[in-house]
Structures are given as structure tokens and as C-alpha cells.
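S.K.: One structure, pasted below without further comment.
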Amino acid sequence: MKRFLVVNGPNLNLLGKREPHIYGNKSLADLMDAIRVRAGELNVQVEFFQGNGEGEIIDFLQKQAPGSAGIIINPASFAHYSLALFDCLQALAVPTVEVHISNVHAREEFRSKMVTARAARGVIAGLGFTGYLLAMEYLADQPE
Ligand code: DQA
């Protein structure tokens, strides 16, 4: 069975409470529930990680990505400046889809600069929690 990593970056533990007009009223636990349900339907396994620190996210990816079939990552603000996370994703060479809940291109200018996205197969932004589910569908469809 394919195993996917679902990684959420800094402040996404505050989903539901954090700027609900932008990120919605649902929590990270709600997001994980929705992903688990879809993973069951797609017959894939998912492993979740949320971290507020760059290093802990990189440590998790380095440890868990080998042997996994894909990475779904919302790097949060790290998407805009973390070359360390970009290097990590590039080095791991596991098919990756970057997801943003909000449409980063319709927000502040600094959010249009994306550095980790270069290491991703594709980016989904602005579709809310659905973006994670679409990313998983894409990855589930890829040949191993
Ligand atoms: C975000 C967008 C980022 O710009 C922001 O820093 C986040 C969340 C999103 O999911 O829309 O923390 O990644």
C-alpha cells in the first residue's frame, strides 16, 4: 500500500482559530479526519506531521520520506523563504505536491514569492482543505 506523508508547517496547528475569514473554521484535526477518510477510499496510508520549526520538519522528512510514495506539504510561511526546506525536498526526490489553503497569489505581495514550490510537481492554492485531497488523488494515481 502506498504511504504518503502529510506535512503542515508553522501555525497550522491553529487552524480553526487563526484568521478564520482566511483559513476557515475547521481545525487541523478536522483536516486530518477528512484526509484519513479520502485515504481510506483511495486505499493509501497517510502519516501526519505538523511542526512550527524548520528543523523539525526537515528531520521528519529526512527520516520518513525514504520509501514513501509522495509528500503533501503545506510549508506555510516557509514556502516563501526556506531554502533549507527546498533543498530537503529536492534532495529527497519523492513526488511532492505543495498545498496552500488560501490563494497566496491574491494576498500580500510577499506570499507570491515561492521557493519550496520549485521542488514540487505542482502547487494547489486557494481551494481550502480540498487542495490536500486533490493532491492525494494525484499522488495515488502516479506509477510507483
Ligand atoms: C498558507 C499561506 C502562507 O502564506 C501562510 O504563511 C500560511 C498558510 C496557506 O495554507 O494558505 O501560514 O500556507
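S.K.: Please count how many residues of segment 104-123 are open to solvent by less than 70 Å² (accessible area, probe 1.4 Å) and either more than 10 Å from the ligand (Cβ to nearest atom) or not aliphatic (A, V, I, L, M) (or both).
M.R.: Residues that pass the stated criteria total 10.
S.K.: Among the residues of segment 1-53, which ones are within 22 Å of Tyr138 (Cβ to Cβ), within 16 Å of the ligand (Cβ to nearest atom) and aromatic (Phe, Trp, Tyr)?
M.R.: Residues satisfying the conditions are Phe48, Phe49.
S.K.: Moving to a separate point now. Report, by residue number, each residue of segment 2-49 that is among the small types (Gly, Ala, Ser) and in contact (Cβ under 8 Å) with a residue 24 or more places away in the chain.
M.R.: Gly9, Gly24, Ala34, Ala39
S.K.: Another question about this same structure. For segment 19-55, enumerate the residues that are modelled with pLDDT of 95 or more, within 19 Å of Ser77 (Cα to Cα) and surrounded by 13 or more Cβ atoms within 10 Å (Cβ to Cβ).
M.R.: Tyr23, Ser27, Leu28, Leu31, Phe48, Phe49, Gln50, Gly51, Asn52, Glu54 - these are the residues of segment 19-55 that are modelled with pLDDT of 95 or more, within 19 Å of Ser77 (Cα to Cα) and surrounded by 13 or more Cβ atoms within 10 Å (Cβ to Cβ).
S.K.: Considering each of Ile124, Ile72 in turn, give the residue that is in contact (Cβ under 8 Å) with a residue 60 or more places away in the chain and under 23 Å from Gln45 (Cα atoms).
M.R.: That would be Ile72, the only listed residue that is in contact (Cβ under 8 Å) with a residue 60 or more places away in the chain and under 23 Å from Gln45 (Cα atoms).
S.K.: Only one of these conditions is not met by Leu85: (1) of a type in the set (A, V, I, L, M); (2) within 10 Å of the ligand (Cβ to nearest atom); (3) crowded, with 20+ Cβ neighbours inside 10 Å. Which number is it?
M.R.: Here Leu85 meets the rest and fails (2).
S.K.: Residue by residue through segment 56-69, note down the ones that are without any contact (Cβ under 8 Å) to a residue 60 or more places away in the chain and loosely packed, with under 15 Cβ neighbours inside 10 Å.
M.R.: Matches in segment 56-69: Glu56, Asp59, Gln62, Lys63, Pro66.
S.K.: Scanning for something crowded, with 19+ Cβ neighbours inside 10 Å, more than 12 Å from the ligand (Cβ to nearest atom) and at pLDDT 95 or above, does segment 75-82 turn up at least one residue?
M.R.: no
S.K.: Taking helices (runs of 4 or more DSSP H) that do not extend beyond segment 7-105, which have at least 2 residues that are touching a helix residue (DSSP H, G or I) at 6+ places or on another chain (Cβ under 6 Å) and more than 24 Å from Arg118 (Cβ to Cβ)?
M.R.: Fully inside segment 7-105 and qualifying: 28-42.
The values are calculated or read from the model by the stated rules, or taken from the named source; none is laboratory data. Computed from a predicted structure; not experimentally measured. Glycine gets a Cβ as well: all are built from the backbone with ideal geometry, and neighbour counts include every protein chain shown. When the accessible area is computed, the model is the full protein with side chains, heavy atoms only, and any ligands, DNA or RNA have been set aside. Shrake-Rupley method; radii C 1.70, N 1.55, O 1.52, S 1.80 Å.
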